[in-house]
Amino acid sequence: MNTSKTPTAAPWLVLVSRSAFFLAIQLLIALIFVVLGNADAWHESARWWPFVVIFANFVSVFVLVRLYRAEGLRYLDQLRFSRQTLKTDLLWLLVGSIIGLPVAALPMNTLAAALFGDPMA
């Protein structure tokens, strides 16, 4: 029997919610520029991406805090680290970084050229 107060779909929605928040906030900023009469509202809104990131992250953390409270848990308890596994965790971080950084960096210029027309954009 599931005694959780959180709907069963909530964890699956959280997986895509952050991306949805980024898009929604970017669209909201573009809409503001449309209302203000800007002819190129989408490109103008792209200049505000640092604020999009900040607001989307605030909303994401807020949603997570609410979901944890519905479960009777605390969000900050999930962020604590264990001293017993610290060395192993740091080793995994190092290994993951050695593998992940080149994998993430290799397609960077190609994707930038494909998306923006210039890898330096």
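Assorted remarks:
- Cut-off 16 Å, label 7 Å out along Cα→Cβ of Met108, residues of segment 37-54 by amide N: none
- Protein accessible area in segment 5-121, 1.4 Å probe - carbon and sulfur %: 72 percent
- Remark: segment 14-22, residue by residue, has Karplus-estimated 3J(HN,Hα) of 5, 4, 10, 5, 4, 5, 5, 5, 4 Hz, where x stands for each Gly or Pro and the curve is 6.51 cos²θ - 1.76 cosθ + 1.60 at θ = phi - 60°.
- Between Trp92, Trp12, Trp49, the residue with the greatest mean-square fluctuation in the GNM of the chain (Cα pairs under 10 Å linked by springs) is Trp92.
- Result for the chain in a Gaussian network model with C-alpha springs under 10 Å: among Ala39, Ala30, Ala70, the largest mean-square fluctuation is at Ala39.
- Taking θ as phi - 60° and the Karplus parameters 6.51, -1.76 and 1.60, the scalar couplings of segment 96-102 work out to x, 5, 4, 7, x, 4, x Hz in sequence order, x denoting glycine and proline.
- Percent of Cα pairs exceeding the 13 Å cut-off, where the set is segment 78-121: 66 percent
- Label-point separation, Leu64 to Asp40 (7 Å along Cα→Cβ), nm: 3.6 nm
- Dimensionless Rg over Rh [the chain; C-alpha; Kirkwood]: 1.08
- Per residue, segment 73-121 exposes an accessible area of 94 Å² to a 1.4 Å probe, with every protein chain left in place.
The values are calculated or read from the model by the stated rules, or taken from the named source; none is laboratory data. These numbers were taken from a predicted model, which means no experiment stands behind them. Counting neighbours? That spans all protein chains shown, and the Cβs are built from the backbone with ideal geometry, glycine included. Heads up: the accessible areas ignore ligands, DNA and RNA and are worked out on the full protein's heavy atoms, side chains in. Shrake-Rupley method; radii C 1.70, N 1.55, O 1.52, S 1.80 Å.
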